[in-house]
Amino acid sequence: MSAALGTALAASCASCHDCGLLSRLPVAGAHGVRCPRCGAQLHGRKARSLERTWALVIAAALCYVPANLLPVMTVTSLGKRESDTIMSGVVYFLTHGMWPLAAVVFTASIFVPLLKLVSLVTLLISVQRSSSWRPVERTRLYRITETIGRWSMVDIYAITILVALVRLGNLATIEAGPGAVFFGAVVVSTMLAAESFDPRLIWDRSDARSP
Ligand SMILES: [Zn+2]
C-alpha cells in the first residue's frame, strides 16, 4: 500500500457508493465489508478498475470503426433503396438545408464518442504512469466524460425525427443497418467504461508522489 496522504483509504476508511456514509474498514482494502447503514458492499477502490476500463475502451474503439463505415439505416422509397452511414446522413442533412439536425447528429454520433474515447485513454495512461500532472483538471475531465455520456442518446431522437419526417413526406420503409448495432455498442461500452473508471485513482497516485 502506498502511504498516500489525504485519502479516506489511507486512513482505512471508505465511503458507501449508495448512501455516502464514511465507514472504517477493519483492514485497509478489505473485501466483503458491508455498509452499516444501508448494507451495500464497501470498496476502498473499484475492483480492477483500470483493467475493466481498458477492456471497455478497446471494445468501444473497435466498434467505432464499423459504426461509422457501415450503413446505419436503409430507406426504401418508391422501390429505390438507399443506405446511409452516419457521415452520409450528416452530408444529406447539410445539403438539404437541415443544418441543425446535421450538427446534432455529427456532435452526438461522431464527435462525442471520439472525445470520450480520447479522454478515457488520457486518464488511463496518466494513472498508469502515476502522473501527478494537474489532478484537478483530470478529475474535471472525468466528470465531463461521465456527463456527456447521456448526450450520446440525443441522436436516437434525431433518428426518430428523421423517421417521422420521411414517413410524413412519402411512403417509405426504414430498416436499421448493421452500423446501428455497432453504434449502440459504442454508446453502451463507453458509458460502462466511464462508470468502471475510479477517479480516486488520480488522487492516489498524485498524492503518493507529492512530498
Ligand atoms: Zn451505505
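Bear in mind these aren't lab numbers, they're just calculated from the coordinates by the rules spelled out. Note that the coordinates shown come from a computational prediction; the quantities given were computed from them, not determined experimentally. Methodologically, a virtual Cβ is constructed for each residue, glycine included, from the backbone with ideal geometry; neighbour enumeration extends over all protein chains shown.
General observations
- Cα gyration tensor category, rounded, prolate or oblate, for region 81-136 with a/c compared to 1.5: prolate
- Fewest neighbouring Cβ atoms within 10 Å first, the residues Met98, Met73 line up as Met98, Met73.
- Ordering 48-60, 79-91, 15-27 by mean Cβ neighbour count within 10 Å, with the highest value first, yields 48-60, 79-91, 15-27.
- Between Gln128 and Val181, the modelled labels are 3.0 nm apart [label points 7 Å from Cα along Cα→Cβ].
- Over all pairs of different C-alpha atoms, region 27-100 has a mean inverse distance whose reciprocal, the Kirkwood radius, equals 17.1 Å.
- Once the chain from Phe111 to Gln41 is taken as fully extended at 0.36 nm per residue, the excess over their C-alpha distance is 21.5 nm.
- The protection proxy used here, the mean number of other Cβ atoms lying within 10 Å of each residue, ranks peptides 193-201, 64-72 as follows, highest first: 193-201, 64-72.
- A simple spin-label model places the labels of Ala172 and Lys80 1.0 nm from each other, with each point 7 Å out along Cα-to-Cβ.
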